[in-house]
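Bear in mind that the values in this text are calculations on the coordinates, not laboratory data. Since the model is a prediction, treat every value here as computed from it, not as a measurement. Heads up, the Cβs are rebuilt from the backbone with ideal geometry, glycines too, and the neighbour counts pull from every protein chain shown.
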Amino acid sequence: MTVAVPPYPPGRDILAGKTVLVTAAAGTGIGFATAKRCLEEGATVMISDIHERRLGEAADALAKAGRRPATRLCNVTKEDDVQALVDAAVAELGHIDVLVNNAGLGGYARLVDMTDAQWQSVLDVTLNGTFRMTRAALRHMLPRGAGAVVNNASVLAWRAQEGQAHYAAAKAGVTAFTRCVAMEAAESGVRVNAVAPSIAMHEFLAKVTPPGLLDSLTQREAFGRAAETWEVANVIVFLASDYASYMTGEVVSVSSQHP
């Protein structure tokens, strides 16, 4: 059984007046969908990515949502890039109300075949990149006494899956990081939450996943289909909005499958 994808929801201005910075927003994944939904919900947006051409193409496509976002190249594994991105966002947007940490790196490798470089690259982008971006953003948000950070984790933080030891470890780190940093930021009125998608289909995911695995994972979902990237983005928008004002340190599973 496959349940049909619901209609794409119209914007309701729940982020009206807010400024949003989204990392890894080029391409067809959750980052792009999040930037699009934020624009449709009334936010002023800046997007970043490591790929210059794709970043420009994403900005052009997002312009069709009503307003072209500001852009900045950034490699989240480099502290200088991270600081320059946050500085540029503050200069361009005036301040940062919301940071969406979407940058992550996956791949498939059985542990006995995994190299140190594979392990380190996934951890450095996915976990350390989230740390670097959050640290830089909080240095701006805490003195203002306002702001929200939404991290992109994964249900693999608590679900076992073959060939995903590096990715699962990184995402588990993101969930624990989210909870701890939320406690530190709460006294300043800054919220830190995360989403944990199960499977959201997009072009890049198919390229890094062994043949047949996506079909197998999809069949386990209650709806019999993968999530649309915008369905994950909707939850990110909610956590970024004032509707989630009493939520911090939470990891919201965006999934139709129980652990």
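Remarks
- Distant-in-sequence amide H partners of A148 (H built 1.01 Å from N, under 5 Å): V98, L99, R191
- Helix 129-144 and the longest principal axis of the C-alpha atoms of the chain enclose an angle of approximately 30°.
- Here the average projected area of the convex hull drawn through the C-alpha atoms of the chain stands at 13.1 nm².
- The amide H of K18, built 1.01 Å from its N in the peptide plane, has T44 as neighbours under 5 Å, considering only residues 5 or more places off or on other chains.
- Largest first, the extents of the alpha carbon coordinates of segment 61-196 on the three principal axes equal 48, 36, 29 Å.
- Computed E for A61/Y243 - FRET, C-beta separation, R0 30 angstrom, nearest 0.05: 0.65
- Inter-label distance, nm, simple model (7 Å from Cα along the C-beta direction), Q161/A176: 2.0 nm
- Among the trypsin sites (Lys or Arg not before Pro) within segment 42-125, those in coil by DSSP and having at most 12 neighbouring Cβ atoms inside 10 Å are R110.
- Applying 1/(1 + (r/R0)^6) with r as the Cβ-Cβ distance of E79 and M1 and R0 = 45 angstrom yields a FRET efficiency of 0.40.
- Taken over the alpha carbons of segment 1-132 as equal point scatterers, the Debye sum produces base-10 log I(q)/I(0) values at 0.20, 0.22 Å⁻¹ of -1.11, -1.25.
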